[in-house]
Amino acid sequence: AGGGAGGGRCSTMLEGFSIETTPQTSAKVEDHSAILPAGTRVYVAAIPGVALEDVSALCARLKREGLTAVPHVAARSFRDQQTLAAFLAQLQEGGVEDVLLIAGDVSEAGAYPSSIALLETGLIQAHGIRRVDVAGHPEGSPHMNTSAAHQGSDAIAHVVEKAAWAEKEGIALSLVTQVCFDIDKVGEYVRALRASGVAAPVRVGIPGPASLASIVKYAAVCGVGPSLSLLTSNPARVLSLATQAASGAGGVSDPAPLVAALLAQVDKGGLGDVSLHLFSFGGLSRTAEWASRAAREQQQQH
């Protein structure tokens with residue numbers, strides 16, 4: 001179950017996958033280059049209670065180990081411009097050129113009420129950042145300051161605004177979606193982006209091999225609360241995932257069905273440049289091994 005990776009077409013989608021970690025999770029990994037292909041984009045989640053120095057230190061370590069470090073930068077978490085500038089300076093010292101910019105928890109009263117407000121400071125460009133990834137919300141987000149009825153259109157409008165900023169500033173832009181269990185919704189979202197003129201690459205967030213308990217445990221700290229709410233409010237979805245976990249190797253779910261569903265969406269056309277972003281939910285080595293095996297299968301077939 002967890003080992004098949006869905007065959008050649010499934011592994012095609014896994015070429016160039018990215019993966020999520022935290023300083024706590026990566027502290028258990030002796031050498032990331034032993035479990036991930038060189039150059040893999042490794043996103044370092046900004047979770048509550050973790051010092052910014054720990055995030056920047058892990059990013060520098062990932063760079064030394066031959067990987068591409070992409071730290072989360074949560075706009076609302078910075079109390080003032082000095083704190084933001086100091087963090088970006090630490091990242092620059094470690095050779096970081098990519099960030100994932102998120103708005104952050106709406107309950108945080110920092111210096112920047114939104115991610116676009118942070119972008120407009122000019123500090124991103126001033127500290128050598130060449131690529132900015134932004135969050136995509138196929139299912140909307142409770143952190144958007146808008147009604148649920150308008151979250152879909154607002155989710156697109158926010159990306160359009162950031163794409164315009166990136167084009168003006170000469171910064172490469174990509175999207176990374178929140179973890180999503182409804183791939184049809186992802187397809188609708190990406191096609192709406194394309195119809196709005198956003199051609200940026202999209203990394204579709206799905207859970208790696210994980211037990212249902214692990215997904216629930218790590219969802220909040222990895223910033224996937226909206227999708228967790230969707231999951232837990234949908235008994236059929238919970239049952240489906242639990243069934244996958246029960247039948248999977250070691251009691252964990254197999255990501256292959258979600259990858260296959262995404263491939264089906266790609267076959268329908270209109271998605272443009274899409275790839276996979278894997279949320280490891282604390283099981284970094286297990287997720288990396290699953291994805292790397294799938295990527296190797298693809299290489300062997302060509």
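The values are calculated or read from the model by the stated rules, or taken from the named source; none is laboratory data. Model, not experiment: these values are computed from the prediction. Positions of Cβ are generated from backbone atoms using ideal geometry, with glycine treated the same way; all protein chains shown enter the neighbour counts. Side chains are part of the model used for accessible areas, which takes the heavy atoms of the whole protein and leaves out ligands, DNA and RNA. Shrake-Rupley method; radii C 1.70, N 1.55, O 1.52, S 1.80 Å.
With the condition being within 19 Å of the chain's Cα centre (by Cα), I'd like the helices (runs of 4 or more DSSP H) fully within segment 23-105 carrying at least 2 qualifying residues.
Details: elements: 23-26, 52-64, 81-93.
Ranges flagged: 23-26, 52-64.
Collect the residues in segment 161-192 that are over 17 Å from the mean Cα position of the chain (by Cα) and farther than 23 Å from A126 by Cα, keeping them in residue-number order.
D184, E188, R191, A192
Could you check how many residues of segment 88-137 are hydroxyl-bearing (S, T, Y) and free of Cβ contacts under 8 Å to residues at least 12 places away in the same chain?
Narrowing segment 88-137 to residues hydroxyl-bearing (S, T, Y): 107, 112, 114-115, 121.
Still in the running and free of Cβ contacts under 8 Å to residues at least 12 places away in the same chain: 107.
Final tally of qualifying residues: 1.
Any residue in segment 60-74 that is buried (at least 23 other Cβ atoms within 10 Å of the Cβ) and of a type in the set (S, T, N, Q)?
Scanning segment 60-74 turns up no residue that is buried (at least 23 other Cβ atoms within 10 Å of the Cβ) and of a type in the set (S, T, N, Q).
Looking at (1) open to solvent by 40 Å² or more (accessible area, probe 1.4 Å); (2) assigned to a helix (DSSP H, G or I); (3) modelled with pLDDT of 80 or more, find the lone condition where A199 falls short.
Checking A199 against (1) open to solvent by 40 Å² or more (accessible area, probe 1.4 Å); (2) assigned to a helix (DSSP H, G or I); (3) modelled with pLDDT of 80 or more, the one that fails is (2).
Looking at S141, S211, S174, which one is of a type in the set (S, T, Y), surrounded by 14 or more Cβ atoms within 10 Å (Cβ to Cβ) and modelled with pLDDT of 95 or more? Talk me through it step by step, then tell me what you get.
On the way: S141 fails: modelled with pLDDT of 95 or more; S211 fails: modelled with pLDDT of 95 or more.
Result of the check over S141, S211, S174: S174.
Just to check your reading of the model, which residue among E97, E65 is out of contact with any Gly (no Cβ under 9 Å at 6 or more places or on another chain), under 19 Å from E20 (Cβ atoms) and at pLDDT 95 or above?
Numbers: E97 fails: out of contact with any Gly (no Cβ under 9 Å at 6 or more places or on another chain).
Of the residues listed, the single one that is out of contact with any Gly (no Cβ under 9 Å at 6 or more places or on another chain), under 19 Å from E20 (Cβ atoms) and at pLDDT 95 or above is E65.
Scan segment 121-138 for residues that are among the charged types (D, E, K, R) and either open to solvent by less than 10 Å² (accessible area, probe 1.4 Å) or at pLDDT below 95 (or both) and jot them down.
If the condition is that a residue be among the charged types (D, E, K, R) and either open to solvent by less than 10 Å² (accessible area, probe 1.4 Å) or at pLDDT below 95 (or both), then D133 is the only one that fits.
Name the residues in segment 41-51 that are modelled with pLDDT under 95 and on the phi < 0 side of the Ramachandran plot, would you? Break it down stepwise before answering.
Let us first name the residues in segment 41-51 that are modelled with pLDDT under 95, namely 45-51.
Of everything in segment 41-51, those that are modelled with pLDDT under 95 and on the phi < 0 side of the Ramachandran plot turn out to be A45, A46, I47, P48, V50, A51.
Where residues in segment 158-168 are open to solvent by 40 Å² or more (accessible area, probe 1.4 Å) and in contact with a strand residue (DSSP E or B) (Cβ under 9 Å, 6 or more places away or on another chain), which of them is modelled with the lowest pLDDT? Working first, answer last.
We begin by selecting, within segment 158-168, every residue open to solvent by 40 Å² or more (accessible area, probe 1.4 Å); these are 158, 160-161, 164, 167-168.
With the extra rule that they be in contact with a strand residue (DSSP E or B) (Cβ under 9 Å, 6 or more places away or on another chain), the set shrinks to 158, 167.
Working: H158: 92, E167: 96.
Among those residues, the one meeting the criterion is H158.
When segment 270-282 is examined, which residues are found to be open to solvent by less than 30 Å² (accessible area, probe 1.4 Å) and over 15 Å from the mean Cα position of the chain (by Cα)?
Listed by number, the list holds a single entry, L271.
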